[in-house]
1. log₁₀ I(q)/I(0) of the stretch B:166-278 at q = 0.10, 0.12, 0.17 Å⁻¹, via Debye over equal Cα point scatterers, no solvent, to two decimals?
2. What does the average come to when, for each residue of peptide B:72-84, you count the partner chain Cβ atoms lying within 10 Å of its Cβ?
3. Do me a favour and compute the ellipsoid semi-axes for chain A from its Cα gyration tensor, root of five times each eigenvalue, largest one first, whole Å.
4. Report relative contact order for the stretch A:333-567 in percent, whole number only (criteria: Cα-Cα under 8 Å, sequence separation at least 6).
5. Suppose only helical runs count, i.e. DSSP H with n ≥ 4. What mean residue ellipticity at 222 nm does that imply for the protein assembly as shown under -39500 (n - 2.57) per run, divided by all residues and rounded to the nearest 500 deg cm²/dmol?
6. Around A:Lys27, under 14 Å between beta carbons, what's the net of Lys plus Arg minus Asp minus Glu among the other residues?
7. Using the alpha carbon gyration tensor of the stretch A:512-605, what are the three equivalent-ellipsoid semi-axes (square root of 5 times each eigenvalue), largest first, in whole Å?
8. What is the spin-label model distance, in nm, from B:Thr7 to B:Asp201 if the labels are put 7 Å beyond Cα along the C-beta direction?
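Throughout, read-outs are computed from the coordinates displayed, never taken from laboratory work. As the structure is a prediction and not an experimental result, all values here were calculated from the model. FYI the Cβ positions are ideal-geometry reconstructions off the backbone, even for glycines, and counts take in every protein chain you see.
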Amino acid sequence: MKLASLLAPLAVALAATAPAAAADNAKVFRYAFEVAETGFDPVEISDLYSSNVIANIFDTPLTYDYLARPIKLVPNTLAAMPEITENGTLFTMRVKPGIYFADDPAFQGKKRELTAEDYVYSIKRLFDPKKRSPNLYLFEGQIAGMDEILAAARKANRLDYDAVAEGLRALDRYTFQIRLKQPNYNFLYYLAYCNLTCAVAREVAEHYGDRTAEHPVGTGPFRLTFWKRSSKMVFEPNPGYREDYYNGTPAPDDAKGQAILAKLKGKRLPMVGRVEVYVIEEPQPRWLAFLNNEMDFLERVPNEFANVATPNNELAPNLKKRGVTMERTPGMELTYSYFGMKDPVVGGYEPEKVALRRAIVLGQDVGAEIRIARKNQAIVAHGPIGPGALGYDPDFRSTATEYDPAKAKALLDMYGYLDCNGDGWRDLPRKDAGDECKPFSIEYASAPSATQKPLDENWKKNMDAIGINLTFKKAKWPDLLKESKAGKLQMWGLGWSAAYPDADAFFVMLYGPNGGQANHSRFNQPEFDRLYEQARRLPDGPERNAIYREMNRLFLVYAPWRLGVHRIYTDLSQPWTVGFRRHPVMRGFWKYVDIDQPVLATASR
Amino acid sequence: MWQMIPTLAGVILLIFFLFNWVGGDPAQVLAGKISNPEQIANIRKQLGVDQPYWYQLWVFVQQVFTFDFGRSWSTNEEVSRILLTRVGPTLTIMVPVLVIETVLAVALAVMVAYVRGSLTDRTIMVICTTAMSISFLVYIIFGQWLFGFILGWFPVQGWSESYWRNLTHYAPLPIMLAIFVGLAPALRLYRSFFLEEINQDYVRTARAKGLPEKTVMMKHVLRNALIPILTNVGIYLPSVFVGSFLLEVFFSIPGLGREIVTAVNRSDFPVIKAVTVYLAVLTMIVNLLVDVMYKLVDPRVSFK
């Protein structure tokens, strides 16, 4: 009794100093990926699903306010936003002290604090030839001194991690600096993009070597505790995760955001005690598993079930009755069909070539594609910038992209694309009426998949209607990619998802010097390129938006692409799943999700 | 036995040349949509595909004989580990399918052959023909919806770490559906084997000796029909080790069939070549074993 009375004040004191209630182990959040993950080394991966995982394990210097729209960058492991000086070329960042990596044998039993050197090391890993990083293109040619180190590394097939680059160095234990060769205000977004700047500890990378991708050890809210490749992943809260509490700044008129904030504000993150991610590739089992309550969340309702889950884009009454909630968000992405600008038929900048491309654009019915092939899970793209990206104008409309087959035919007639040999297809323009007829056809490259078939049928039907002989080149994606980069394709349909929320992430695909790389069409228009370079040197604002508008205009005039759609993501949450909000680019959302156990218990009964 | 060496050499050459002439450039795929020639050259160097063909072929031959196929190009996982970890779930499904389907098909075939020409025989044959006309995919989609979702007898999909839980909880539905699909053609085929034997002179002689019909069927007809049945099972056996892609995808079974298709889609050559060589070796071994089994089933068979 005496001992108890002596220990009581100590217990009270310990309780007072302990952090607020952490994740509840009984709360399990289960959902499925539709494509298998590949690995968890940030620099080695570029696929969406692996990227989603690493964003919950590792920490970038910056992150996004989860509820703020338009999106807003906030410090993550930094004490404050980076100090940007020297005309947008010098970024100085100070890491918050007291952030620790999850325990791992690589640390030999010692607590390992996150330091500035970890970020310097992690960025250097992108330049390691052995890592074959698919994300290097974003940093190549950007950081002062790193291109020389990269060239030497490629020659020696080994990166000297101890080589100091002028533009990438730690100033002290917590401060690091990045110097760019030219201003790039989008660089701030790179600091919130895990595949580029998530902190990996050098000891871990050296300890596991080639198997680093199997041992993700970060400072983030979760750690991997079980992994059966391409089947199941289990994550539990990182016991050493810093004190982090739910907060956000949704817009005042954002009722849903405000409701989430009101419910969760101040809760210690992460809120769930376990995240189970399954890989279910086929739409039917994914859909049935959700209906069977085997999953707490359905990310992206499969198109095959869109009419059942969201008839007329509204949540189905049976799901509404169960308390399921729906979130429909246009993705910061774009689909497009490009014209090979060096192709003798569809390429070129002469008026008749431009007319042919513009007629094809006018003659293709994207609306039908959305209704039939995409089951209304998309919206028409009116410009090359994805929704939510800085520079995207939701009200922008142009007659250049509307579906108008009559106008398409008139344009072709006007520029001499007539059926002169009477075979039912238009022929190339002739200089004189007595010249020989020159038939032509356009070959559209596409993959032999079930999802591609209705898209091809729509193209064929539309082109037949305006008298253009469209044929298809069927090959697998890797083969088409190879041919596209070699400039051998006339037309090919592609999709693009932005890595950072800026128009630059889309215009990069139209910039002349990127021909044969990001710029598959090899569009090369000097005025467009000049504007692109000018915009890159400017921060977000009216001046840059005016340049983007002009670039958009040039794009529509020359028509190097037929714009497709922006896909809409329809996500469903069970009644007990609280707090999910699709963020346009932020991938690490698990810590913001909670499970309402009384509701779950009621549903289970 | 010695035929295995030229067969394996042929398989190695075929895979190698198919990959190099027909397959996409893995460096282009791994580099992603945005890459420059230096990056692609670096990736080619890391993968070793910048080496002369003869050298790449020599490396491949070494890999075949050391069973070390390196790492997957897309996931960096050791290829040997991929094969070892994926084959278990595949066998958990496919071995019961093979055993149950063969036993059922043989038993039913004996029965319908016994009552050949009767209404029962004809009805069963009509059912078999109808069952064979329906796609495997339809069985899977309908079976998953009916037994997994509507009736709730089985989980819709899933897989665990426990062998027994998998066998008793997750595997029954895919096994059942695979048997539904495989039983009809096997039954028809085995029935024809039995009918062929029933019309042989030795059967007539056995009956003339006054042997009971049960003894004629089970001792004489069954034994002689086992040779073609064994050949058929032998043809089917290697596929047991690579699984059914459709079953594995629809029921989220982390098996080899699913892995092979993923590897092909990703142009993951180390996985593709390892699986192809593994399958070729397996087919040869199975063929050898089937030849040995002939001798056990029928002592008249000679190895000469």
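1. The computed values of log10 I(q)/I(0) come out as -0.50, -0.64, -0.90.
2. 4
3. 47, 30, 21
4. Taking the mean separation of contacting Cα pairs over the length of the stretch A:333-567, I get 34 percent.
5. Computed ellipticity for the protein assembly as shown at 222 nm equals -13000 deg cm²/dmol.
6. My count for the surroundings of A:Lys27 gives -1.
7. Value: 45, 16, 12 Å, ordered largest first.
8. Distance between label points: 3.5 nm.
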